[in-house]
Each structure stands twice: as C-alpha cells, then as structure tokens.
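Participant: Okay, handing you the structure first.
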Amino acid sequence: MKRCWTLVDKPSELAEAERSIRAAGIIALDTEYDSFRYFRDMLCLIQVQTGEKTWLIDPLAGLDISFLGDVLDDPDVLKILHAGDNDIRILKRDYDFAFRNIFDTHRAASLLGCRQLALSTLLESYLGITLVKKMQRSRWDLRPLTQEQLDYAALDTAHLLDLSLRLDRELHEK
C-alpha cells in the first residue's frame, strides 16, 4: 500500500495537518476508540482524510486539536462518516465539538435498502474494493501504534468520498 497518511503526534505535524484540513471543502472522518477495556470509551485516534492525504491525529499526544471544532461545525465543509454516531458522540463528549453538514454512508446505504451495512461490504459492492477489517479490537490505547494499525486506520477513510458520491447519486436517482 502506498502510504498516503501522516501520523500527527507532534506540534509541527499538527500545524501542517491544520492547514490542510482547514483548506479542504470535503473531509472524511473516523475515529478509533477503546470501549472494551475502559468503562468510558477512550478516544485513541482521529482520522481526517482531505482528498490528498489522511491525517492520523493522536488525541493522546496532548496536542491542542480545538481547530477541528471549527471545521466540524463549518456548514461549508462536507463531513463524510460511516456509521458516525459513536464518532460524533465521543468527539462531542471529549471536545464539545458541534457538527454540521454531515453525509453518513451507513445511513445513506440504509435508506437505499442495503441490508449489509458494514463499510467493507459497501466498498466491495459499490466500488469493488476489498477492505479487511481485522483490527477493530486492536489495542488503540497503547503507544507507539504499529505500522499495521496506522495503515488500517488510514484505510477507514480512504474511500469514503468515492463511496459517498456513488450513494448520493443513487439516492438522487431514487
């Protein structure tokens, strides 16, 4: 896999990520969190795809990521998520972020009558892309994250824009 992501766990990387994310008119968003080993879900990684790159932002690195709140609340920026209810809930809970202008591929597929709503299934049926989802229960809370974890996390947002375009077109047709 060609690496099209950057791990953001230092202020210098955060500044570059902020410039890129603020400039994007569309972003794909996902999170990795641990709800198996903690009473309260622990947010462990935020993936933001801008079209050119995926930024893997480490919320455990002590960085000020408040700029994301501006982007997520901006009605001019389209935010694409897949089954984003928990992502939104956790980001609201931990950072008090508000969300506007969301397209959820899970909800769109549900409206279209799809019965199998997993991201991997939708990517396969709509785009012919095989995505292996085997790290969902990974130890996202442990640092450093492995190359395999980071590659996996980046793939969760890599195809959301293309999927959303296909689903949106089909919704408009119906």
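Participant: Could you give the angle, 0 to 90 degrees to the nearest 10, between helix 11-23's Cα long axis and the longest principal axis of the Cα atoms of the chain?
Facilitator: The helix 11-23 is inclined about 30 degrees to the chain.
Participant: A further question on this structure: Sort the stretch 77-173 into rounded, prolate or oblate with this rule: let a ≥ b ≥ c be the square roots of the eigenvalues of the Cα gyration tensor; rounded if a/c is under 1.5, and if a/c is not under 1.5, prolate when a/b is larger than b/c, oblate otherwise.
Facilitator: Taking the square roots of the gyration eigenvalues as a ≥ b ≥ c, the stretch 77-173 is oblate.
Participant: For the chain, with the dipole built from +1 on Lys and Arg beta-carbon atoms and -1 on Asp and Glu ones, taken about the Cα centre, which of Asn86, Cys4, Ile26 lies farthest toward the positive end?
Facilitator: Asn86
Participant: Right, here's the next one. State the antiparallel share, in %, of DSSP beta bridges confined to the chain, rounding to the nearest 5.
Facilitator: Within the chain, antiparallel bridges account for around 50 percent of the total.
Participant: May I pose another question? Relative to the Cα centre, what is the charge dipole magnitude of the stretch 75-164, using +1 at the beta carbon of each Lys and Arg, -1 at the beta carbon of each Asp and Glu, and rounding to the nearest 20 debye?
Facilitator: In total the dipole reaches around 280 debye.
Participant: Can you pull the semi-axes for the chain, root of five times each eigenvalue of the Cα gyration tensor, sorted largest first, whole Å?
Facilitator: After scaling each eigenvalue by five and taking roots: 24, 19, 16 Å.
Participant: Also, quick follow-up: Could you pull out every one of the lysines with an alpha carbon less than 19 Å from that of Lys92, ignoring same-chain neighbours closer than 8 positions?
Facilitator: Within the straight-line cut-off, Lys92 pairs with Lys79.
Participant: Using helices alone, I'd like the mean residue ellipticity at 222 nm for the chain: each DSSP H run of four-plus residues gives -39500 (n - 2.57), total over residue count, nearest 500.
Facilitator: Computed mean residue ellipticity for the chain: -12500 deg cm²/dmol.
Participant: Output ³J(HN,Hα) for the stretch 84-93: one whole-Hz value per residue in order, computed from phi by the Karplus curve 6.51 cos²θ - 1.76 cosθ + 1.60 with θ = phi - 60°, and x for Gly and Pro.
Facilitator: Result, rounded to whole Hz: x, 3, 5, 4, 5, 4, 5, 5, 5, 5.
Participant: What part of the accessible area of the chain, given as a whole %, is carbon or sulfur when the probe is 1.4 angstrom?
Facilitator: Numbers: 4460 of 9120 Å².
Result for the chain: 49 percent of the exposed heavy-atom area is carbon or sulfur.
Participant: Moving to a separate point now. Residues with amide H under 5 Å of Ala83's amide H, sequence separation 5 or more or different chain, H placed in the peptide plane at 1.01 Å from N; which?
Facilitator: Correct list: Thr105, His106, Arg107.
Participant: Pairs of alpha-carbon atoms within less than 8 angstrom and 6+ residues apart define the contacts here; what relative contact order does the chain have, in percent?
Facilitator: 24 percent
Participant: How many Å² of accessible area per residue for the chain, probe 1.4 Å?
Facilitator: Result: 52 Å² per residue.
Participant: Could you list which residues have their amide H under 5 Å from that of Trp5, counting only those 5 or more apart in sequence or on another chain, with H placed in the peptide plane?
Facilitator: When sequence neighbours closer than 5 places are left aside, the close amide H contacts are Thr54.
Participant: Here is a further query. Work out from phi, with θ = phi - 60° and the Karplus expression 6.51 cos²θ - 1.76 cosθ + 1.60, the ³J(HN,Hα) of each residue of the stretch 43-52, listed in order in whole Hz, and give x for Gly and Pro.
Facilitator: The phi angles translate into 6, 10, 7, 10, 9, 10, 9, 9, x, 9 Hz.
Participant: Highest mean first, how do 49-56, 11-18, 26-33 rank when packing is the count of other Cβ atoms within 10 Å averaged over residues?
Facilitator: Ranked from most to least packed, the peptides come out as 26-33, 49-56, 11-18.
Participant: Right, another one. For the peptides 68-74, 107-113, what is the packing order when you average, over each peptide's residues, the other Cβ atoms within 10 Å and list the highest mean first?
Facilitator: So the order, starting with the most tightly packed, is 68-74, 107-113.
Participant: Report, ordered by chain and residue number, the aspartates and glutamates lying within cross-link reach of Lys10, taken as a straight Cα distance under 18 Å and ignoring same-chain residues fewer than 8 apart.
Facilitator: Glu18, Asp58, Asp64, Asp141
The values are calculated or read from the model by the stated rules, or taken from the named source; none is laboratory data. Model, not experiment: these values are computed from the prediction. Positions of Cβ are generated from backbone atoms using ideal geometry, with glycine treated the same way; all protein chains shown enter the neighbour counts. Ligands, DNA and RNA are stripped out before the accessible areas are found, and what is left, the full protein with its side chains, is counted by its heavy atoms. Shrake-Rupley method; radii C 1.70, N 1.55, O 1.52, S 1.80 Å.
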